[in-house]
Structure formats: C-alpha cells, structure tokens
Amino acid sequence: MYTNSKLAKSVRLALAFGVASTATVAGNAIAQEEGADDVEKISVTGSRIKRTDMESASPISVFSAEDIEASGFTTLENFVQAVPAMNGGAEGSNVNNGSRGFATASLRGLGSGRTLVLINGRRYASGDLNSIPVSFVERVEVLRDGASTIYGSDAIAGVINFITKRDFEGVEITAQHDVTTENDGEITKFAVTTGTSSDKGNVVLALEYSDRNAIFQGDREFAECPIFERNGEKVCGGSGTIPYGQFFNANYSGHVVDPMTGEVRPFDQAVDGFNYATTSKMQTPQQVFSINGSATYEITNDTMVFAEGGFTNRKSDQLMAPEGTFWAPLMPATNPYNPVGEDIFVARRLRETAGREFTQDFSDYRMVFGFEGYFDNGVSWDLAYNYARYVDARLDNGRVNPTRIETLLDPAKCDDDAACPEVWNILEAGTLTDEMINYAFVPNSPIVRSTVKQLMGNLSGDFGTFELPGGAPMWAAGFEQRWEDYSNTPDGAASIGQIYSVAGDPTQGQFEVTEFYGEVSLPVLETVSISAAVRSTDYSFLDDRATNSKIGVEWEPLDGLLLRTTVADGFRAPSITELFAPQAETNLAYNDPCENYGSSNVSQTVKDNCAADGLPGNFELSSNQSSTVEGGNTELEPEESESLTAGVVYTHDSGFTAALDYFDIEITNGIGTVGTDNVVNGCYSSPDFSSPLCDFIEGPSLTGDAPHPTSPYRSALGTVAGVLLVNENLSTFQTSGVDFDFSYSMPMGAGDLSMRVDGTWLNEYTYLPYEGADVVEAAGKVAADQWETTLAVFPEWRTNIGLMYTAGDFSLNWTSRYQSEGEDIFASEDNLDNIADSIWYHDVQGTYYMKNYSFTLGVRNLLDEEPPYITNNQDMNTINQSYDVAGRYMYARVTAKF
C-alpha cells in the first residue's frame, strides 16, 4: 500500500532514485509538514505535472550540491562525465586537437546532441557545461530515459537538468586550489553566493571565477613522444611533416636531405619523425567568470513573478605543434635548392614558429522572465519567456597562407611578387626567416553566434472531485514556441581561400518551432498508477508535423517494493548546427589496413587493394590522421526513436535501497557520419574497391593535398585523404543495458556511515553506419563515436562506489570510479596492444567543520593511474576522451557561511 504521508513518500521515492543526499531533495519537495493542503507541489524532471512527491515511472538520478562538493571536482564537466550512464566520447579539458573549448556529456554514448541539457527545465543556447557555475547549482537531476514528449527534440537519450538555488539565505564564500603531484595543471576557483528573503520573495546572486592551467603532453611519460610500432617494438616516432622536409614524386616517395650529410636518403620515421607532443597541450587551460541571479516576488497570494539571469565568459585555448605544409606544396625543379632537379612535393614542419594556438573568447547569456501561480480551482499555471544567446569569438594564430608558401618556393612567382622576401630552401631546418613568416602567415578570426528564444506556458491540476480507486488523477498541458538562429562568419582571409584548412564560406540559418503537449497521471488502484504523455511538434523547415507519445506504469505489490516501466517513441529534429555548421577540414585518427600488409594477417582482398594502390608490402605511415571534411547539411531529416525502461526499486526502513533499471533504445534515420575508420576499412575490405563506402573518399583534391603517385585515395604522405563526412541521415543505433543503484546508511561508533554503489552495464551498443553496411558492435570496444567523430571506449561496465563517514566535526569520503576495458574494433595480431585496459580511480577527501567554516583536503586519482596505451590510438598514445590524462590531483578548499 502507498503511504498517506507525503513526507515519507517523498523520502522513500527520493531514495529509490539512488541518490546520496536524499534529505536535501525531499526537503525541497516539502514546504511544510502540516497537512496535505500546505504541501508545496513541484515538478520533477521528466514530468510537467506538479505533485507533492518525487514519484516517477522513469529512472532518475538526483545529485545534490553536497554530492558535487564531495567529488572534489571544480567543474560540472568532470562531475557529470563521471556519471556511469555516460559513455563514449565527449568534449572536455583532455581534448586538445579539434577542441572548441566546450564541455559536453553523452548519455548512453548516443551523443551530446541527443542529451538535452536544461537549466531549471529550460534550454540555453550553447549546451556548454562550462557555462553553468557549480556554486549556483542546488541539485542535478539526470533523467535516464527518453523525454521528447515533455521537453521536445534533443531528449532521445535523456535529460540533464540543473536546478539552481532559489531560496538561499546569507552569504557563502568558497575558495579551492588544485595542483597535480607533477606540480602543474593548477586549478583555482573562487565563488560567492548571497541571498535574502522576505515574506514576499527571495533574491539570490552568485559569482564564480575559475582558472585552469595547461598541462603539456611532453610533461607526461606516456605521452611525451608519439609511439609507432616496428618489428614488434615500440619506437619513438612522430609526424612525417618534419622541420627539414620530406619530399615526394613518382621517383622520390618519402625522402629527405639528411641534415648531417646533406645526402638524399629515404625517410625513416624512427630517425626523422617530428615529435609534436612536446609542443601540444594535454589539459587545455581556461578562465571562466560567471554571474548568475534569480528573484521571486509574490504579487498576490496566488501569483508570483520570477526572473533569472546569467552571464558567463570563458577564455580558453588549445596549442598544437607548429603549422606544417601538410598539403605538400610543389617545389619546382627551378628552385635552386631542389636536390633532385625535378618537381617534388614537400611536407615541411614550420618549426621556426611557436605553434598553432586556438583561442576562444566565449560569452554565454541567459535571461528568463515569467509569472506563476494558482487559479481558484487549484490549477497551477506558469508563463515564461527565455532568451539565451552565445557569441564565440575565436582567434587562431600560427596559420599559413598556402598561396604565399607556394610563391616562396617558385623563383618565377617570387620575382613577380614585390612582397616576396626571397626564394625559400624548404628542405633545410631553420631557413624560414622572420620576413618569410610575416609574408606567409595570417591569423584566423571567425565568429560563431547562436540565439534561442523560448515562450512557454504550462497548466497542471487535477479533475476536481473526480477520483479513481487509487486517488485523484492529475494532468498537465502546455505549449512552447521557440525560435533559433545560427551564424558562422569566417575570417576575411579564409573567405578568399588564403588560410590553409579553414572553411571560407559564411553560413547562417534559422528556424521556428511550435509545440503542444498533454500529460496525465492516473492512480487506477491504490498500488497501480499509469502515466501518459503526448506532444505535437511543428518545425518550420519540415513538411510534416510530428507526434510522439510515452506511457509509464508503476506498481507497488508490497510495501517498499516498486515495479516501474516506460515505453516511449521519440523525435529529434536536426539541430541548428547540424543544419548550418560550415563544412570544414579536420584530421581524424584512423586505422590503416595497408600498414605492413605484406606480413600482416589482413584478408587477401585487403592485400590486393593495397597492392593495387601501388603500396609496398612493408608500407608504413608517418601519421595516422586522415584529412577529413565535416560540416552541416540543410537536407537533413528528423531522427526517430523507440525506448523501453523496466525496473524494480526496493527500500527498507533500515536505510537500505536498491534499484535495477533495464533500458533499450533504438534510433532510426540517425544523423551522423560514417566514421573515418569505417570508411577506410570498409572500402579496402571490398573486392576491387566496390563498397559504397569508397564513395566517401574523394581523394586529396578535396582537401588540397598533394596527390599520391599511384593511389587515387591517398596524399603524398601516404595517408588516406579527402574523406567527406558531412552530416547525413545514415545510421541506426541500438543500445541496451542495466543501471543499478544501491545505498545503505547506518550509525557506526560516534558517527554515521553511508555507502553507495551506482553503475551501468552496457549489454549492447550497435549501429549501422548506412543501409547495406555491416553492423558495428561497439559494446566493450574501442570504436568510432559517431557523434564526436572520434575514437572512444564504450566500456561494458562503469561503476562508482562511495563511502562517507561523518562524526562530530569531521567527515571522510572515499569514491572509486571503475571503467572496464575496450578492445580495438579493428584488432590485429600484428598490433602490440589491441586493448584499452580497464581502470580504477580512487578519490579521498576529508573535511573539518568549525562554526561557520569548513576546511577540506582531498586527492583525486590517488594512485596516479595513467591512461593505457593502445596501438590504434586517438591522441597522446591512448584514447584521451575516455581516460583521465592529468594524473593525481591534490586540492584544498575553504568554505565560509554566514
């Protein structure tokens, strides 16, 4: 039987969510304990119905501000990405190559674009987790179920809803400083939160500043040199684009002028390879300042006006090795420094420059204004307007003008250009003069803007005196009108094609969305409740209106035992960036099937195709990155999904709770890219290059790379070039598994001990890259993340274990984060390591409380676990998006409350 005590019910169901700090959540659910009529009604993530408890058929994890503090993390990026339901790749501090400075999260590994991130149930423009200050967050609610019916598009995988502080009294000041045991990567955070209340309302203001310093790849032994494998040994190698140039033509494929002897000889990666790690960052730095506030004021007994506002400025940067002539420009025979007297193509590292620095000056704005209240019949209502906008001003230094490089190499062209300093000897290190740098290098300064405007109205109530056997049915209904726009304005030099590998065409677009929804909760029996929701969506750029629905059932056969299930169909329209982002070049890691194919165990078909490419049996690559074009596509169609959850929740008066929830999600017409690995390996595995995947390899002409003398698919460096990976409706995704949560608390000695285990077992993660392709089975593998277009580990197990002991003025906390191994999906017996090993991180923290102060010392990654080496790696000789690359962090925090 369901208990009639609203407070007990809220606490019991909050415990069922598997949270550590249920008292906070339940306390927020209850305004007063005296009488049902005085209990405040709230809406929980995943439902718009306002009710007096935390009941939900959908699985939800709730984390309080205290949980975030106990983790020791200074950013929401690290905290959210550590939630076991997250999988695959995501942007963040350990991504240098290709980073925008963003921090994202990917529920179920289905991509950050299928994980809807909200602030107080409303959208914001960027989706960047860096834009949400830790000090302003009261709790985080993670809905591990599709919610398109409640929140609209983008919620196929689930929802992360950040609930901010609204009823705050006094002043709270927090300062924290972190540093690694290598004495680098310092992180400093300072935050002030203040608020005041009256019988009419409340005002809260929060200011936060954080500063994260860089860590370089060369400062960690596992990443200090790019590793390649030769004759069963790991060899320190590097890029084939080197400071004294590697040159090619039909007769001279991969040769250098030896810097010691001046003789022409074959390129040897072990001797000549350029170590780009020493000048590449591992942990990217950023400075973030934010100011956020909220206010409520009671106009009448039944009507309240509210406002929220926020501004965040993030200054972030990434540093990569110096620019190179990656496209391999022509050094004509007429160049007096040409060592062979024939036209040659040269890949030269421009080491005389400091490196390629990518900086972002990112500003995120948010403003909400609205009213809420109750009608005389008890129906609650709210109406709000939400305006959100971001401006991303970027500056890239160290970028090269390819036209002017080619002019420096050609005596005739240099003579015709009065600004050309002199003809350049590209095949000798240290010959790029300051005058040449001033002539041939240009900064790149694009600006990206996006705006979301949202008008929302909601009603929630019951059916008056009508009741079902289990109680009064409840309902909610509402509308949403949303406008979105996006623009990407390139640099002037880029717009005329004068910056290598930079998109030059401006892109912009906008759309409008009109949506209506309805939701009911029907307690058909005292122990059985059924919920249902439906949403109708009309996008201005789509021909047809979409309708999706969701049904949930809760059954409590025994006191303390709850069975629950949901079935939903989902809808996700292409996002504004998927439609209008510019098509731009990037360089993605891939596994080349032709490396040493003569002695490897690849199929005969692969060997035949590699030979047809004109490659020798002992073919080696000096780079495993393919020049690839990514970008938006205005012809995209919506995705559709079907999801199922089924779970059991048990709670006991002893303080023990347990929850098991099965999930199954299928996405059809999925928006994504085929993936460089899939393209290359699928193409080369087909007889005579007959696979449709080969059509995605347009060759070096697409990216302006020098052609290979014998292969139409490869550049002069030997890498596959010109892979076209713009967004398409290509994929079908299927994933299933089980989430589990256990918690227990009990008195021990002079204090209290609480324990928690929460995790996810990934049973299945498969996708079909395109119709007719082989299904990719990624669970427990290292595979291409179709959203992030990068390699990622999709571990079968992710588990967090926590112990906290509190006694008097002290508390001790231990957290363990486990991730199981991933096997390279293209594993080969010729590779030295096909496994990205499992890893177990341990974090410890101790806090002392003294009147209005608390003092905390802690260590993250106590055992200084290093990310594992794997032959087919992404960057840093590992899968950097899936592991902690910084190492052991020590931190100290002081908090004062008045």
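A few points about this structure:
- Residue within segment 79-89 that is within 29 Å of Gly195 (Cα to Cα), of a type in the set (Val, Ile, Thr) and not in a loop (DSSP other than H, G, I, E, B) present: yes
- In the condition set (1) on the phi < 0 side of the Ramachandran plot; (2) surrounded by fewer than 24 Cβ atoms within 10 Å (Cβ to Cβ), Asn669 is compliant with all but (1).
For (1) touching a Lys or Arg at 6+ places or on another chain (Cβ under 7 Å); (2) closer than 17 Å to Pro322 by Cα, each residue gets a yes or a no:
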residue	(1), (2)
Asn444	yes, yes
Gly457	no, no
Phe466	no, no
Trp475	no, no
Gly478	yes, no
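- Total residues in segment 633-648, condition at pLDDT 95 or above and of a type in the set (Val, Ile, Thr): 2
- Counting the residues of segment 222-274 that are without any contact (Cβ under 8 Å) to a residue 60 or more places away in the chain, in contact with a helix residue (DSSP H, G or I) (Cβ under 8 Å, 6 or more places away or on another chain) and of a type outside the set (A, V, I, L, M) gives 3.
- Screening Gly398, Gly464, Gly470 for residues that are under 24 Å from Tyr244 (Cα atoms) and out of contact with any helix residue (DSSP H, G or I) (no Cβ under 8 Å at 6 or more places or on another chain) leaves exactly one candidate, Gly398.
- Annotation note: of Ala347, Ala328, the sole residue that is closer than 23 Å to Ser501 by Cβ, of a type in the set (A, V, I, L, M, F, W, C) and in contact with a Gly (Cβ under 9 Å, 6 or more places away or on another chain) is Ala347.
- Of everything in segment 742-776 that is under 24 Å from the mean Cα position of the chain (by Cα) and among the aromatic types (Phe, Trp, Tyr), the residue that is farthest from Phe794 (Cα to Cα) is Tyr770.
- Restricting segment 556-578 to residues that are among the aliphatic types (A, V, I, L, M) and assigned to a strand (DSSP E or B), the residue that is nearest to Arg545 (Cα to Cα): Ala568
- Given (1) at negative phi; (2) surrounded by 15 or more Cβ atoms within 10 Å (Cβ to Cβ); (3) touching a residue at least 12 places away in the same chain (Cβ under 8 Å), number of the condition Ser495 does not satisfy: (3)
- Selection over segment 795-825 of residues that are surrounded by fewer than 17 Cβ atoms within 10 Å (Cβ to Cβ) and assigned to a loop (DSSP other than H, G, I, E, B) gives a count of 2.
- Those strands (runs of 3 or more DSSP E) lying entirely in segment 579-657 with at least 3 residues farther than 19 Å from Val720 by Cα and over 28 Å from the mean Cα position of the chain (by Cα): 639-651
- Subset of segment 881-898 (residues that are of a type outside the set (A, V, I, L, M) and closer than 20 Å to Thr74 by Cα): Gln881, Ser882, Tyr883, Asp884, Gly887, Arg888, Tyr889, Tyr891, Arg893, Thr895, Lys897
- Flag for Gly552 being more than 24 Å from Ile671 (Cβ to Cβ) and without any contact (Cβ under 8 Å) to a residue 40 or more places away in the chain: no
Yes/no per residue for (1) of a type outside the set (Gly, Ala, Ser); (2) assigned to a strand (DSSP E or B); (3) in contact with a Phe, Trp or Tyr (Cβ under 9 Å, 6 or more places away or on another chain); (4) crowded, with 21+ Cβ neighbours inside 10 Å:
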| position | (1), (2), (3), (4) |
| --- | --- |
| Ala827 | no, no, no, no |
| Gly846 | no, yes, yes, no |
| Gly858 | no, yes, yes, yes |
| Tyr869 | yes, no, yes, no |
| Met890 | yes, yes, no, no |
| Val894 | yes, yes, yes, no |
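- Leu409 vs. criteria over 30 Å from Asn130 (Cα atoms), in contact with a strand residue (DSSP E or B) (Cβ under 6 Å, 6 or more places away or on another chain) and buried (at least 17 other Cβ atoms within 10 Å of the Cβ): yes
- Filter result (surrounded by 16 or more Cβ atoms within 10 Å (Cβ to Cβ), in contact with a Ser or Thr (Cβ under 7 Å, 6 or more places away or on another chain) and in a strand (DSSP E or B)) within segment 150-172: Gly158, Val159, Ile160, Asn161, Thr164, Glu172
- Glu208 being assigned to a strand (DSSP E or B), surrounded by 14 or more Cβ atoms within 10 Å (Cβ to Cβ), of a type in the set (Asp, Glu) and modelled with pLDDT under 95: no
- Listed conditions (1) modelled with pLDDT of 90 or more; (2) in contact with a strand residue (DSSP E or B) (Cβ under 6 Å, 6 or more places away or on another chain) are all met by Ser686, apart from (2).
- Flag for Gly722 being modelled with pLDDT under 95, closer than 21 Å to Ser239 by Cα and outside any loop (DSSP other than H, G, I, E, B): yes
- Subset of segment 322-347 (residues that are assigned to a loop (DSSP other than H, G, I, E, B), of a type in the set (Gly, Ala, Ser) and buried (at least 24 other Cβ atoms within 10 Å of the Cβ)): Ala328
- Matching residues, segment 774-802, being modelled with pLDDT under 90 and polar (S, T, N, Q): Gln786, Thr789, Thr790
- Checked against the criterion of being under 30 Å from Ile299 (Cα atoms), assigned to a strand (DSSP E or B) and either under 30 Å from the mean Cα position of the chain (by Cα) or at pLDDT below 95 (or both), segment 353-366 has at least one qualifying residue.
- Residue count, segment 531-553 (criterion: hydrophobic (A, V, I, L, M, F, W, C), over 18 Å from Gly461 (Cβ atoms) and assigned to a strand (DSSP E or B)): 3
- The residue that is farthest from Ala589 (Cα to Cα), among those in segment 852-884 that are acidic (Asp, Glu) and modelled with pLDDT of 95 or more, is Asp864.
- Within segment 558-597, being of a type in the set (Gly, Ala, Ser) and either within 30 Å of Asp653 (Cα to Cα) or at pLDDT below 90 (or both) holds for Gly560, Ala581, Ala584, Ala589.
- Subset of segment 281-323 [within 30 Å of Gln217 (Cβ to Cβ), of a type in the set (Gly, Ala, Ser) and modelled with pLDDT of 95 or more]: Ser290, Ser316
- Residue count for segment 260-287, restricted to those that are under 23 Å from Cys225 (Cα atoms), surrounded by fewer than 18 Cβ atoms within 10 Å (Cβ to Cβ) and charged (D, E, K, R): 1
- As for segment 756-773, it holds at least one residue that is surrounded by fewer than 20 Cβ atoms within 10 Å (Cβ to Cβ), aliphatic (A, V, I, L, M), at pLDDT 95 or above and part of a strand (DSSP E or B).
The values are calculated or read from the model by the stated rules, or taken from the named source; none is laboratory data. Keep in mind the model is a prediction, meaning the values are calculated, not measured. Cβ atoms come from the backbone with ideal geometry, glycine included; neighbour counts cover every protein chain shown.
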